[in-house]
1. Can you name every residue in region 166-182 that is without any contact (Cβ under 8 Å) to a residue 60 or more places away in the chain and either surrounded by 14 or more Cβ atoms within 10 Å (Cβ to Cβ) or in contact with a His (Cβ under 8 Å, 6 or more places away or on another chain) (or both)?
2. Considering Val259, Val271, which residue is modelled with pLDDT under 90, touching a strand residue (DSSP E or B) at 6+ places or on another chain (Cβ under 8 Å), surrounded by 18 or more Cβ atoms within 10 Å (Cβ to Cβ) and aliphatic (A, V, I, L, M)?
3. Tell me whether region 209-229 contains one or more residues that are among the β-branched types (Val, Ile, Thr) and at pLDDT 90 or above.
4. Check Ala207, Ala218 and return the single one that is part of a helix (DSSP H, G or I), assigned by TED's automatic domain parsing to the domain that holds Gly277, out of contact with any strand residue (DSSP E or B) (no Cβ under 9 Å at 6 or more places or on another chain) and closer than 29 Å to Arg284 by Cβ.
5. Based on what the data block shows, is Leu17 at pLDDT below 80 and aliphatic (A, V, I, L, M)?
6. Select, from Asp233, Asp229, the only residue that is under 25 Å from Tyr173 (Cβ atoms), part of a helix (DSSP H, G or I) and free of Cβ contacts under 8 Å to residues at least 40 places away in the same chain.
7. With (1) in contact with a helix residue (DSSP H, G or I) (Cβ under 9 Å, 6 or more places away or on another chain); (2) at pLDDT 90 or above; (3) surrounded by fewer than 16 Cβ atoms within 10 Å (Cβ to Cβ) as the list, and Arg52 as the residue in question, which single condition is left unmet?
8. Among the residues of region 276-299, write down those that are over 30 Å from Arg68 (Cα atoms) and in a helix (DSSP H, G or I).
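The values are calculated or read from the model by the stated rules, or taken from the named source; none is laboratory data. Everything numeric in this text was worked out from a predicted model, so none of it was measured. Because the Cβ atoms are built from the backbone with ideal geometry, glycine has one as well, and the counts that use them run over all protein chains shown.
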Amino acid sequence: MWDVDEIALTTESGGDLDTLGVVEVLAVLAGLALVLIAAGDAVSTLVTTRRRRGRHWPTPIYYRLTWRAWRAVGRRAEPALREGFFGVYGPLSLLGLLVMWVVLLVAGWGAVWWGLRSAVTGVDGYLDAVYFAGVGFFTVGFGDLVPIGGLARLLVLVEAFMGLVTMALVIGYLPTLYGAYSRRELQLLALDDLSDEPTTAITFLEAGFANGGTQGVAAAFAEWERWCDDVFDTHTAYPMLAMFRSRQPGQHWLTALGVVMDAAAITLATVDAPKAGPAARLWRRSTRMLHNFRQLPAIGARAAEGGPPADEASFQAVYQRLAGLGAPLQPYEQAWGDYRRLRAAYLPELVAATELLLVPMEFRHHTSRLDITRSS
């Protein structure tokens, strides 16, 4: 029978590896648990195609705490510097995420090697064990600390393999992440309405009408529908993409989404046409994407408070401008009621996300005004 206070581990040759006390066994188990948690979190973040639910894994905790601190500092920055400060967070957070995984893995393996310190020459304390874990994880191989016995050597190989896989996953992950980011940002350039004013839902519709009437508007909605599908897919698989700001000042993907969603809601409510075209599909899919944000507690709590009520005076102005474009319109009272219902389906989540990320509420194109004069 085993004694309550000690467990004997044997090597493949049959001799004693050493007698481990309960504290050492607990250290080994705790270290292996930490290694499995960190490795599972990395694989779930970088490899799996379905987002993991739960707030208590390392990556969600990391982003929750770091963004809270970054946001608190950014709110105190000068307005001219604020967007630049927030723009640094996304890329820097990826480096921090890698550092977090490495620290957790090395700390976990350090606990394992401290518990098995009798199997490694030169390991007397936890810092020595962490050093040996780091040498094995990064496959440095100085040879100043050497494992003894088959079990210890096998664990060193497992640790070295885990280190190589972690680095390879991160390196392979970056092109996919930045490819999705580039596709998202490229579409934002299509909101340019050739004016110096902020792009709004009505200017988006007017630009579509100028580019082919109702068919031009439908084509614009179809293009943004595909963009919305891509953003929904990539931002579900890689939620940290939501933290990446636009390269261009005055632009943000959430603000662009709000513009096209408002345009789709206005079109569905006011234009007398079948409700099964690109505008309906865009509204349906983007609303689903925003409802998916409710799973995030910070957004869910804000969304429960609701969004600001629709301004009827602004809607009347939009209705009159659409009438001036010659679009076939629904009766005003019906259009106003439908617009409020469609808008209420997505606005709370959209407002909550913009407040959490401190997104600018205007979408601007910093381009030169097109001014062509004819000489007589």
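1. Within region 166-182, Met167, Tyr178 qualify.
2. Val271
3. no
4. The conditions single out Ala218.
5. yes
6. Asp233
7. For Arg52, the failing item is (2).
8. Listed by number, the residues that qualify are Pro278, Ala279, Ala280, Arg281, Leu282, Trp283, Arg284.
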